[in-house]
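*Asks:* Encoded as structure tokens, here's the structure I'll be asking about.
The values are calculated or read from the model by the stated rules, or taken from the named source; none is laboratory data. Note that this is a predicted model, so its numbers are computed, not measured. FYI the Cβ positions are ideal-geometry reconstructions off the backbone, even for glycines, and counts take in every protein chain you see.
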Amino acid sequence: MKIAIVQLNTVIGYYKYNTNKIIEYAEKAKEMDCDLVVFSEMAISGYPPRDLLEKRDFVDANLAALEKIVKNIKGIGVICGYVDKNISEIGNPLYNAAVLFENGKIIHKDYKRLLPTYDIFDESRYFEPGTDCSTFEYKGHKIGLTICEDAWNDKEIFKKRIYHVDPVAKMAEEGADLIINISASPFYDGKRAFKTNMLHAISKKYNVSFVYSNQVGGNDSILFDGSSMAFNASGKVAAEASDFEEDIICFDTKNGTGDIKSIPRTDADAIYRALVMGTRDYMTKCGFSKAVIGLSGGIDSALTACVAADALGSKNVFTVFMPSRYTSQNNFEDTRQLAENLGVRYHTIPIDKMFKEYLPYISPGFDEKNPGVTEQNIQARIRGTIVMAISNRDGSMVLSTGNKSESAVGYCTLYGDMNGGLAVISDVPKIRVYELSRFINETEEIIPQRIIDKAPSAELKPDQTDQDDLPSYDVLDAILKGYIEDLKSVDELVDMGYEKSVVMDIIKRVHRNEYKRQQAAPGLKVTSKAFGYGRRYPLAQKYMPE
């Protein structure tokens, strides 16, 4: 059997668009002489719709779209994900469902058995778990149809398993020779390698062909890389789709071969492509086409501008440089050069006069040589007001430029540099910011080298650098990753070689600044644990590790 594997960039709740895409790609699969086309999890509604699932008309519209798709696609079998109703009087009202249909007739349905409730997932809020792990016959194959998490519970891969049942194992016991998994599995740094190794191991272990169709695109903070694949019965990758773009590939179960597309060369390449895709999708799906960015002469705003220019096109990016009395001459030159290299619009608005107007009223005892936090924040908030005014004037979205390291320890100003509709690099640690910037410059110097080489500084007082107040970023980022992403204790972090006083200072800052992060613009998730709705900590609490 020849199987087309499709990864779509769906728009949540845009049923006309999603339906037409499914029909369009089914026709392409027919042109490729495929017998079956496989779409991703909840391809009809888009994933994750979150509390839209509580609206009856949203669910009904998804079922009406399914009916239209079944009616309009002929001459090829189709598997796709949708939302079904639970007609039982017991349990949650919905199922996360997959359907196989052909020539106007529904042949088989399956309901997702394993419902994740960790990180960004909250599926038990809406869905009732399916219980059936049986296989079915189709075109000479005994097929096990699974939905995303159903494949993520192998006892040899996950030593501490969340779920009591392994649907893939049960299907293999029933004699399945082909496992199909439709997914909406989010991207994060390093996940692709793990996922590939996991699917390889499952395929080889059970001696089955494995087809994996994954959603692509950005929906709010969550990024999906696509990265759809097929494995032959020996566990070898037989077909592989592109990353971070819609694609269709073919896998032939008879000879175990298929289409192989190019994928990112490095982690930096993958993360950068994820940020570009996520920025483009967030803005366009929210109805924006233009962005405004405050350039400082620092590396964070430079990286954000590069992402925006690649995501939206240079003509749709407006950059504004807002120097003060503390701004170095180099930054006047570097910001203009960056804007010229990117081909984006550039404007300078000095803020010193405005700053002077504020001071007599708010900070009458101002010391120009040693401005305190109040005076530093006034500057940031003046800049925040300017970019928001440009946003209002032009109908553009402000892209804030803070990185994960700053956000973690509160090295940012509420209603100032945190202003924005999207925090593009808020899940990118500072060390990774440098890596991505060097990646951008691999073939030509887009970001002026001086921006990369200079000591990072907020430039809110004379001769200021970030390391006046923070540990070096290699130390800071390692401790933050250990504490936030790997959930290490204080003792474990100290055992890694870090001074306890430094560890405790950083952890206290993380806890103290939770209120800031929960008021920040949404950011694009590229690590295993981002600040956002996948990390749920109370604001009013007194816990502090010792």
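*Asks:* Here are Tyr282, Tyr272, Tyr212: which of them is assigned to a strand (DSSP E or B) and crowded, with 22+ Cβ neighbours inside 10 Å? Steps first, please.
*Replies:* Values: Tyr282 fails: assigned to a strand (DSSP E or B); Tyr272 fails: assigned to a strand (DSSP E or B).
Testing whether each residue is assigned to a strand (DSSP E or B) and crowded, with 22+ Cβ neighbours inside 10 Å leaves just Tyr212.
*Asks:* Does the stretch 182-200 contain at least one residue that is modelled with pLDDT of 95 or more and over 27 Å from the mean Cα position of the chain (by Cα)?
*Replies:* The answer is no; no qualifying residue exists.
*Asks:* From the list Asp132, Asp122, exactly one residue is surrounded by 16 or more Cβ atoms within 10 Å (Cβ to Cβ) and among the acidic types (Asp, Glu). Which is it?
*Replies:* On the way: Asp132 fails: surrounded by 16 or more Cβ atoms within 10 Å (Cβ to Cβ).
Just one listed residue meets the conditions, Asp122.
*Asks:* From (1) more than 25 Å from Lys404 (Cβ to Cβ); (2) free of Cβ contacts under 8 Å to residues at least 60 places away in the same chain; (3) outside the structural domain of Glu31 (by TED's automatic domain parsing); (4) touching a Ser or Thr at 6+ places or on another chain (Cβ under 8 Å), pick out the condition that doesn't hold for Lys290.
*Replies:* So the condition that Lys290 fails would be (2).
*Asks:* Yes or no: Arg280 free of Cβ contacts under 8 Å to residues at least 12 places away in the same chain and of a type in the set (Lys, Arg)? Lay out the reasoning, then the answer.
*Replies:* Values: free of Cβ contacts under 8 Å to residues at least 12 places away in the same chain: no; of a type in the set (Lys, Arg): yes.
No.
*Asks:* Leu414 is checked against (1) among the hydrophobic types (A, V, I, L, M, F, W, C); (2) farther than 22 Å from Leu275 by Cβ; (3) out of contact with any Phe, Trp or Tyr (no Cβ under 9 Å at 6 or more places or on another chain) and fails just one. What number does that condition carry?
*Replies:* Every condition holds for Leu414 apart from (3).
*Asks:* Within the stretch 517-528, does at least one residue satisfy the condition of being within 25 Å of Pro48 (Cα to Cα), surrounded by fewer than 19 Cβ atoms within 10 Å (Cβ to Cβ) and free of Cβ contacts under 8 Å to residues at least 60 places away in the same chain?
*Replies:* The answer is yes, given that some residue of the stretch 517-528 is within 25 Å of Pro48 (Cα to Cα), surrounded by fewer than 19 Cβ atoms within 10 Å (Cβ to Cβ) and free of Cβ contacts under 8 Å to residues at least 60 places away in the same chain.
*Asks:* Return yes when Lys142 is out of contact with any Asp or Glu (no Cβ under 9 Å at 6 or more places or on another chain) and either among the hydroxyl-bearing types (Ser, Thr, Tyr) or in contact (Cβ under 8 Å) with a residue 12 or more places away in the chain (or both) and no when it is not. Talk me through it step by step, then tell me what you get.
*Replies:* Values: out of contact with any Asp or Glu (no Cβ under 9 Å at 6 or more places or on another chain): no; either among the hydroxyl-bearing types (Ser, Thr, Tyr) or in contact (Cβ under 8 Å) with a residue 12 or more places away in the chain (or both): yes.
In short, no.
*Asks:* Another one. I want to confirm something. Restricting to the stretch 367-395 and keeping residues that are among the hydrophobic types (A, V, I, L, M, F, W, C) and touching a residue at least 40 places away in the same chain (Cβ under 8 Å), which single residue is nearest to Pro462 (Cα to Cα)? Quick ask: steps written out before the conclusion?
*Replies:* Within the stretch 367-395, the first condition is being among the hydrophobic types (A, V, I, L, M, F, W, C), and the residues that meet it are 373, 378, 380, 382, 386-390.
Checking which are touching a residue at least 40 places away in the same chain (Cβ under 8 Å) leaves us with 380, 382, 386-387, 390.
Values: Ala380: 15, Ile382: 18, Ile386: 23, Val387: 24, Ile390: 28 Å.
Of everything passing the filter in the stretch 367-395, Ala380 is nearest to Pro462 (Cα to Cα).
*Asks:* Another one. Assess whether Glu240 counts as being in the same structural domain as Glu24 (by TED's automatic domain parsing) and free of Cβ contacts under 8 Å to residues at least 24 places away in the same chain.
*Replies:* yes
*Asks:* Residue by residue through the stretch 1-20, note down the ones that are closer than 17 Å to Ser228 by Cα and either among the hydroxyl-bearing types (Ser, Thr, Tyr) or not in a strand (DSSP E or B) (or both).
*Replies:* To start, the set of residues in the stretch 1-20 that are closer than 17 Å to Ser228 by Cα comprises 2-10.
Within the stretch 1-20, Leu8, Asn9, Thr10 qualify.
*Asks:* Which pairs have Cβ atoms under 8 Å, sit 6 or more apart or on different chains, and link a residue in the stretch 313-327 that is among the β-branched types (Val, Ile, Thr) to one that is part of a loop (DSSP other than H, G, I, E, B)?
*Replies:* Listed by first residue and then by second, the contacts come to Val317/Lys290; Val317/Val344; Thr319/Val344; Val320/Ile349; Thr327/Gly297; Thr327/Glu459.
*Asks:* Which members of the stretch 429-485 meet the condition of being under 19 Å from Phe332 (Cα atoms) and among the basic types (Lys, Arg)? Lay out the reasoning, then the answer.
*Replies:* Here is the first cut: in the stretch 429-485, the residues under 19 Å from Phe332 (Cα atoms) are 445-465.
If the condition is that a residue be under 19 Å from Phe332 (Cα atoms) and among the basic types (Lys, Arg), then Arg450, Lys454, Lys461 are the ones that fit.
*Asks:* Would you check if there is a residue in the stretch 378-397 being hydroxyl-bearing (Ser, Thr, Tyr), within 29 Å of the chain's Cα centre (by Cα), closer than 25 Å to Ile506 by Cβ and part of a loop (DSSP other than H, G, I, E, B)?
*Replies:* Here is the first cut: in the stretch 378-397, the ones hydroxyl-bearing (Ser, Thr, Tyr) are 385, 391, 396.
Applying the additional criterion that residues be within 29 Å of the chain's Cα centre (by Cα) yields 385, 391, 396.
When the remaining residues are screened for being closer than 25 Å to Ile506 by Cβ, the result is none.
Looking through the stretch 378-397, none of the residues is hydroxyl-bearing (Ser, Thr, Tyr), within 29 Å of the chain's Cα centre (by Cα), closer than 25 Å to Ile506 by Cβ and part of a loop (DSSP other than H, G, I, E, B).
*Asks:* Moving to a separate point now. Name the one entry in Ile143, Ile107, Ile120 that is part of a loop (DSSP other than H, G, I, E, B) and either at pLDDT 95 or above or within 26 Å of the chain's Cα centre (by Cα) (or both). Walk me through it before giving the result.
*Replies:* Numbers: Ile143 fails: part of a loop (DSSP other than H, G, I, E, B); Ile107 fails: part of a loop (DSSP other than H, G, I, E, B).
That would be Ile120, the only listed residue that is part of a loop (DSSP other than H, G, I, E, B) and either at pLDDT 95 or above or within 26 Å of the chain's Cα centre (by Cα) (or both).
*Asks:* Another question about this same structure. Going through the stretch 456-493 one residue at a time, which ones are over 29 Å from the mean Cα position of the chain (by Cα) and of a type in the set (D, E, K, R)?
*Replies:* Initial filter on the stretch 456-493 (over 29 Å from the mean Cα position of the chain (by Cα)): 459-465, 467-469, 491.
Selection gives Glu459, Lys461, Asp463, Asp468, Asp469, Asp491.
*Asks:* Just give me the residues in the stretch 160-192 being of a type in the set (Gly, Ala, Ser) and assigned to a loop (DSSP other than H, G, I, E, B), in sequence order. Before the answer, list the steps.
*Replies:* Taking the stretch 160-192 first, the residues of a type in the set (Gly, Ala, Ser) are 169, 172, 175-176, 183-185, 190.
Residues satisfying the conditions are Gly175, Ala176, Ala184, Ser185, Gly190.
*Asks:* A further question on this structure: Of (1) modelled with pLDDT under 95; (2) among the hydroxyl-bearing types (Ser, Thr, Tyr); (3) more than 18 Å from Gln7 (Cα to Cα), Ser262 satisfies all except one. Which?
*Replies:* Result: Ser262 fails condition (3) only.
*Asks:* Moving on. Those residues that are among the aliphatic types (A, V, I, L, M), under 29 Å from Ile390 (Cα atoms) and at pLDDT below 90, I need them from the stretch 421-474; list them, please. Walk me through how you get there before you give the answer.
*Replies:* Taking the stretch 421-474 as the starting set, the residues that turn out to be among the aliphatic types (A, V, I, L, M) are 422-425, 428, 431, 433, 436, 440, 446-447, 451-452, 455, 458, 460, 470.
Now drop any that are not under 29 Å from Ile390 (Cα atoms), which leaves 422-425, 428, 433, 436, 440, 446-447, 451-452, 458, 460.
Matches in the stretch 421-474: Ala458, Leu460.
*Asks:* Can you find a residue in the stretch 491-502 that is of a type outside the set (Lys, Arg) and touching a Pro at 6+ places or on another chain (Cβ under 8 Å)? Spell out the reasoning first.
*Replies:* Let us first name the residues in the stretch 491-502 that are of a type outside the set (Lys, Arg), namely 491-499, 501-502.
Still in the list and also touching a Pro at 6+ places or on another chain (Cβ under 8 Å): 502.
Yes: one or more hits.
*Asks:* On to the next question. For the subset of the stretch 367-382 comprising residues that are aliphatic (A, V, I, L, M) and within 19 Å of Asp466 (Cβ to Cβ), which member is modelled with the highest pLDDT?
*Replies:* Here is the first cut: in the stretch 367-382, the residues aliphatic (A, V, I, L, M) are 373, 378, 380, 382.
Next, only the ones that are within 19 Å of Asp466 (Cβ to Cβ) stay: 373, 380.
On the way: Val373: 89, Ala380: 96.
Taking the candidates together, the pick is Ala380.
*Asks:* Counting residues that are within 12 Å of Ala520 (Cβ to Cβ) and in contact with a helix residue (DSSP H, G or I) (Cβ under 8 Å, 6 or more places away or on another chain), which helices (runs of 4 or more DSSP H) fully inside the stretch 400-487 reach at least 1? Steps first, please.
*Replies:* Numbers: elements: 404-409, 430-440, 449-453, 473-480.
Hits in the stretch 400-487: 404-409.
*Asks:* Going by what's in this entry, would Ile76 be described as surrounded by 14 or more Cβ atoms within 10 Å (Cβ to Cβ) and either touching a helix residue (DSSP H, G or I) at 6+ places or on another chain (Cβ under 8 Å) or assigned by TED's automatic domain parsing to the domain that holds Phe136 (or both)?
*Replies:* Working: surrounded by 14 or more Cβ atoms within 10 Å (Cβ to Cβ): yes; either touching a helix residue (DSSP H, G or I) at 6+ places or on another chain (Cβ under 8 Å) or assigned by TED's automatic domain parsing to the domain that holds Phe136 (or both): yes.
Yes: the conditions hold for Ile76.
*Asks:* So how many residues does the stretch 285-298 have that are hydrophobic (A, V, I, L, M, F, W, C) and out of contact with any helix residue (DSSP H, G or I) (no Cβ under 8 Å at 6 or more places or on another chain)?
*Replies:* Within the stretch 285-298, the subset hydrophobic (A, V, I, L, M, F, W, C) is 286, 288, 291-293, 295.
With the extra rule that they be out of contact with any helix residue (DSSP H, G or I) (no Cβ under 8 Å at 6 or more places or on another chain), the set shrinks to 286, 288.
So the answer is 2.
*Asks:* Condition first: surrounded by fewer than 17 Cβ atoms within 10 Å (Cβ to Cβ), farther than 18 Å from Ala339 by Cα and touching a residue at least 12 places away in the same chain (Cβ under 8 Å). Now tell me which residues in the stretch 440-463 satisfy that.
*Replies:* The answer is Ala455, Pro462.
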